[in-house]
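A.B. asks: First the structure, then my questions, so here it is.
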Amino acid sequence: MDTIRLISPDHDHAKDIWAFRSEILENDADSEDQFAGCMSLDTCSSVEEWIRICELRSNKATCGEVGSQVPSDTYLAVRQSDDRIVGIIDLRHHIDHPILGTWGGHCGYSVRPSERRKGYGKEMLRLNIQNARKLGIEKMLVTCNADNIASEKIILDNGGVFEKTIDVDGAQMKRYWITV
């Protein structure tokens, strides 16, 4: 795995953001969680619109303008060797919300289909734990579908401690806590 960094969405990566979006739509069409952590990338009509939504969501004063009750930061996981986006991950500033505190958790993430099984998801979460530390989050709730073995492994590899499995509208979700 090459070194990656987490950066805020920017116009320099606009073409690759849209290519990432297309690859997810093409390869993960049957997945409910195809855009986990991507904050409405699937419904935006342009990269500019999505970047603006990410900016509004990051601030407590403006996140409500885009339908969010909890501020969150969205990060592009960019491979340093070629500046290619390998994933997108978000970080919610808190989970004092019925859905987030139950099954949404502090973050969601998507790894680009062509970049999966290379360790990027594990590294994205590790770097995001550092971001959580900077925000003063002491424990992160990270969840995954009970049958998502890849995501469960990413969480466990980052120190996730299993709490319990819960039912969410007929789907089984596993809850893990990571000490930041």
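The values are calculated or read from the model by the stated rules, or taken from the named source; none is laboratory data. These numbers were taken from a predicted model, which means no experiment stands behind them. Because the Cβ atoms are built from the backbone with ideal geometry, glycine has one as well, and the counts that use them run over all protein chains shown. Just the protein is used for accessible areas: all its heavy atoms, side chains included, with ligands, DNA and RNA removed. Shrake-Rupley method; radii C 1.70, N 1.55, O 1.52, S 1.80 Å.
A.B. asks: Could you please put 32, 55, 65 in sequence from largest to smallest accessible area, using a 1.4 Å probe?
C.D. replies: Descending order: 32, 65, 55.
A.B. asks: Any idea of residue 35's accessible area? Nearest 10 Å², probe 1.4 Å.
C.D. replies: Number for this one is 20 Å².
A.B. asks: Once both labels are modelled 7 Å past Cα along the beta-carbon direction, what's the residue 102-residue 18 spacing in nm?
C.D. replies: Output for this residue pair reads 3.9 nm.
A.B. asks: Report in % the part of the accessible area of region 101-157 that belongs to carbon and sulfur, leaving out ligands and nucleic acids; probe 1.4 Å.
C.D. replies: The computed percentage sits at 50.
A.B. asks: At 1.4 Å probe size, with every protein chain present, just tell me what the per residue accessible area of the chain comes to in Å².
C.D. replies: For the chain, the solvent-accessible area averages 51 Å² per residue.
A.B. asks: Sticking with this one: Give the calculated FRET efficiency between residue 94 and residue 7 to the nearest 0.05, with a Förster radius of 30 Å applied to their Cβ-Cβ distance.
C.D. replies: The formula returns an efficiency of 0.85 here.
A.B. asks: What is the distance in Å between the Cα centroid of region 141-180 and that of region 45-84?
C.D. replies: Taking the Cα centre of each part, region 141-180 and region 45-84 sit 24 Å apart.
A.B. asks: Please work out how much accessible surface residue 45 shows to a 1.4 Å probe, ignoring ligands, DNA and RNA, in Å² rounded to 10.
C.D. replies: Rounded to the nearest 10, that gives 100 Å².
A.B. asks: With the chain treated as a Gaussian network of Cα nodes joined by springs under 10 Å, which of 77, 61, 132 yields the largest mean-square fluctuation?
C.D. replies: 61
A.B. asks: Still on this structure, please answer the following. Tell me, what is the FRET efficiency for residue 172 and residue 29 to the nearest 0.05, using R0 = 30 angstrom and their Cβ-Cβ distance as r?
C.D. replies: Once rounded, the FRET efficiency stands at 0.85.
A.B. asks: Have a look at 42, 16, 30 and tell me which one the Gaussian network model of the chain (Cα, springs below 10 Å) gives the largest fluctuation.
C.D. replies: Judging by the Gaussian network model, the answer is 30.
A.B. asks: Considering the chain as a Gaussian network with a 10 Å cut-off on Cα pairs, which listed residue, 113, 98, 71, attains the greatest mean-square fluctuation?
C.D. replies: Comparing 113, 98, 71 in the GNM, the peak value goes to 98.
A.B. asks: Follow-up question, since we're still on this one. How high is the relative contact order of the chain, given as a whole-number percent (alpha carbon pairs under 8 Å, six or more residues apart)?
C.D. replies: 19 percent.
A.B. asks: Next up: Among [x] 10.3; [y] 9.8; [z] 16.2, which one is mean projected area of the Cα convex hull in nm² computed from these coordinates?
C.D. replies: From the options [x] 10.3; [y] 9.8; [z] 16.2, the structure gives [y].
A.B. asks: Hey, rough spin-label estimate for residue 61 and residue 163, points 7 angstrom out along Cα→Cβ, what's it come to in nanometres?
C.D. replies: For the pair residue 61/residue 163, the computed spacing is 3.2 nm.
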